[in-house]
Amino acid sequence: MEVPEVPSLSSAGIGSRFVTQDDVESARTRRDEQWKAAYARLGMEPPPQQQEDFSDGRSLAEKLAANKIAKQEEYEERTKLANQFRALEEDEVMFLDSVRERQEEEERQRKEKDGVEVQGFKECATPFLQRTLFISPQGGRRA
């Protein structure tokens, strides 16, 4: 294979440093052929060709503006839910406090009632348990 010479910067004028599209295409096809030959020597099939980036014809400013708009919309979507909540007003806080206090009072009364019922059960069950377990009032077991 012959390797084309790379033009030197000092050997020619400024026009010779530019590369034409034909030169780029021929270099690409030459590189592809070299890769195919290398894979053929190894006995492998070359991987599929990657598609080149497609240019949509927009200028950089248009692309950046579109990206900025997309990011702004994404930010607004993320913060939309956060904007739905607000702080509680004073009367709402007072109402919630009264509900909490009422629930705590009901819980206290329920525990007190349960305690009274448990104590009554213990008083009723103690003589029965003493008789069935043959325990004397002095604390010893009867034989």
Net charge near Leu88: determine it from the other residues with C-beta under 14 Å of the C-beta of Leu88, scoring Lys and Arg +1 and Asp and Glu -1.
-3
Between Asp114 and Arg86, 0.36 nm times their residue separation minus their Cα-Cα distance comes to what?
6.0 nm
Contour minus Cα-Cα distance for Thr20 and Asp56 (0.36 nm per residue):
10.8 nm
Subtract the Cα-Cα distance of Glu105 and Gln49 from 0.36 nm times their separation in residues, and report this length gain in nm to one decimal.
12.6 nm
For Lys63, counting only lysines whose alpha-carbon sits under 22 Å away and dropping same-chain residues fewer than eight positions off, the answer is Lys71
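We did not get these values from a lab; they are worked out from the coordinates using the rules stated. None of the values given here were measured: they were computed from a predicted structure. We place every Cβ from the backbone using ideal geometry, glycine too, and count neighbours over all the protein chains shown.
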